[in-house]
Structures are given as C-alpha cells and as structure tokens.
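Take a look at the structure set out below.
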Amino acid sequence: MSLSPARLERFARHIVLPEVGGAGQVRLAQSKVAIIGLGGIGSPALQYLAASGIGRLALVDDDVVDVSNLQRQTIFTTRDVGYGKAVSARRWLANFDDALHVDVSDARITPDNAAGLIAGSDVVLDGTDNFATRLAVSDACVASGIPLLSAAVGRFQGQVGAWTGHLPGEACYRCFVGDAFDAEDCDTCADDGMLGAMAGWVATFAAMQAIKVLLAGVSAMGDPGFGKLHILDGLDPGMRTIRIAKDPACKACGSPA
Ligand SMILES: [Zn+2]
C-alpha cells in the first residue's frame, strides 16, 4: 500500500517524525480501531485517532446526546442534543475526513455482543463509564486476542492502562479490578462531577497509547507498555505508573490449576 499525494500532505507532520515515518503512517491507514463509548473519553479520543489517519473506526455507544454532555464530549454540538451519539459521531467523521471507513453501532455492549462489535480490530479503546461494561469489553478482547486500551476519569483523576491478557505473563483489565464489579454501575460521573479538560487529557493520552500499540514493530514509536497502569492527577499535575501482574486465577485470562 502507498499513500496518495493528498494523504502524504495531510499526514506530513507525522511522516517527518522518525518515530512514525512513512511505514508507520501506512500502518495507521491499514488499521482498525474500535472505540467503545463516545463520551468524555471516547469523543476526544475519536478526534485524535481520526486525525491520525487510522483507516477504519468502529464506534459503539447506545446513548443519546444530552445537553449536559457538551461540557466535555467535544464532537457533539447543541444541534446533536437528542440524537444518538453513534450517529452523531458518524456525522462528525464524515465532515472531518471522508476517506475514513466507519462502522457505527448504537447497541449497548454486553458480554453477548462484545466479541462481534470488536471483531477485526487491531486495538480497542474503551472509554465507557462503568465496571460491568469495561469488564465485558476486556473479556471479549482477551477471548479475541485484541489489545485493549482502557481509560477512565472522575473528578480530577484519570487512569489509562494497556492490556494484552491473551499473551502469556501479561495482565488483563480484569486482573487489575477483579470480579467484584461485574454487576455494578457504580462509578458513573453523574454524581461526582468532572472537569471537561481533565477528560480530554486522559482521552488524548489514551489515543497516543493506542497509536503506540498500532505502531509497535513497525516504527520506533516505542513500547506500548502492556500491563502498566498510568494514573493521571489533574489537581497536582503529574502521572504515576504502576505495573499490574497477571492474576493466575483470573477468570478471563488465567489458567487455574
Ligand atoms: Zn486477567
């Protein structure tokens, strides 16, 4: 595959980076990324992933745009209020770059349909707002052998982790949080509040880490850092990184004796 002159011009600032280069840009153009949840994380992440020239995007969200979303969900405008997030996101993408292929679903992702919704993806970026959904997405990624970027934010703290539980010795998201949250929708931001720009920081960092996953082995963008959890603090700005070990008893990726 080679990029057309128009695409070379569009992505010139990427291609000039030795860490991306022409080979990296071609790889991005050949990649498919699934974005689960188009809210405070998924919306800015979608903008940067689309801008990076990723060839195919699969967007999944069953929610409808509410006026209170506009404070942080940057792809939506006042005109989108009342319309589905998935269809509104497709409209944004069509205006932004009509060369990108987009699959949208307004299904609620569950353990039953997750594998189908992420099928064929090179990486999944999960920005949903509850543990039950995040675990369903993680389990489907492990079963399908797809790397997962999981990102979450509340108030002024965010978390971004890259997971490859399908690989020996590598943790999955369930190894990190355990099984206690499968049935709970306990951590949505409606009660706690969230600064919009904080969600943007977490989302764009997750998008950058997703690009590292895509470019691993193709260009020198670096180590995607599988099994590492980055904790972003917005009030006293900084980032801590911890390593999460694979749980041998994990019901998604472990191999209990
Ligand atoms: Zn696991």
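Quick look at the numbers
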| quantity | calculated |
| --- | --- |
| Exclusive hit being in contact with a helix residue (DSSP H, G or I) (Cβ under 8 Å, 6 or more places away or on another chain) and more than 18 Å from Ala216 (Cα to Cα), set Val87, Val33, Val64 | Val64 |
| So Phe11, is it closer than 26 Å to Met198 by Cα and among the aromatic types (Phe, Trp, Tyr) | no |
| Candidate set: the stretch 40-62, residues that are among the charged types (D, E, K, R) and more than 21 Å from Val202 (Cα to Cα); chosen: the one surrounded by the most Cβ atoms within 10 Å (Cβ to Cβ) | Arg56 |
| Top-ranked residue in the stretch 233-247 [being over 12 Å from Phe176 (Cα atoms) and free of Cβ contacts under 8 Å to residues at least 40 places away in the same chain; ranked as nearest to the ligand (Cβ to nearest atom)] | Thr241 |
| Within the stretch 211-228, considering residues that are among the hydrophobic types (A, V, I, L, M, F, W, C), open to solvent by 40 Å² or more (accessible area, probe 1.4 Å) and not in a strand (DSSP E or B), the one farthest from the ligand (Cβ to nearest atom) | Ala220 |
| Complete set of residues in the stretch 229-248 that are open to solvent by 70 Å² or more (accessible area, probe 1.4 Å) and in contact with a Pro (Cβ under 9 Å, 6 or more places away or on another chain) | Pro248 |
| Residue tally, condition in contact with a strand residue (DSSP E or B) (Cβ under 7 Å, 6 or more places away or on another chain) and within 12 Å of Cys253 (Cα to Cα), over the stretch 130-147 | 2 |
| Residue within the stretch 151-170 that is open to solvent by less than 50 Å² (accessible area, probe 1.4 Å), away from the ligand (no atom under 11 Å from the Cβ), in contact with a Phe, Trp or Tyr (Cβ under 8 Å, 6 or more places away or on another chain) and of a type in the set (S, T, N, Q) present | no |
| Hey, Arg27 over 30 Å from Asp66 (Cβ atoms), out of contact with any His (no Cβ under 6 Å at 6 or more places or on another chain), in contact (Cβ under 8 Å) with a residue 40 or more places away in the chain and part of a helix (DSSP H, G or I) or not | yes |
| Residue under evaluation Asp106, criteria (1) under 13 Å from the mean Cα position of the chain (by Cα); (2) closer than 24 Å to Ala199 by Cβ; (3) not basic (Lys, Arg), criterion not met | (1) |
| Filtered residues of the stretch 76-89 (kept if part of a helix (DSSP H, G or I) and surrounded by 17 or more Cβ atoms within 10 Å (Cβ to Cβ)) | Asp80, Lys85, Ala86, Ser88, Ala89 |
| Selected residue (criterion: nearest to the ligand (Cβ to nearest atom)) from residues of the stretch 103-138 that are among the charged types (D, E, K, R) and crowded, with 23+ Cβ neighbours inside 10 Å | Arg134 |
| Residues within the stretch 1-22 that are touching a residue at least 24 places away in the same chain (Cβ under 8 Å), surrounded by 13 or more Cβ atoms within 10 Å (Cβ to Cβ) and among the hydrophobic types (A, V, I, L, M, F, W, C), tallied | 3 |
| Count of residues meeting criterion [in a strand (DSSP E or B) and out of contact with any helix residue (DSSP H, G or I) (no Cβ under 7 Å at 6 or more places or on another chain)] in the stretch 231-257 | 8 |
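The values are calculated or read from the model by the stated rules, or taken from the named source; none is laboratory data. Model, not experiment: these values are computed from the prediction. No Cβ is skipped: glycine too gets one built from the backbone with ideal geometry, and neighbour counts run over all protein chains shown. Side chains are part of the model used for accessible areas, which takes the heavy atoms of the whole protein and leaves out ligands, DNA and RNA. Shrake-Rupley method; radii C 1.70, N 1.55, O 1.52, S 1.80 Å.
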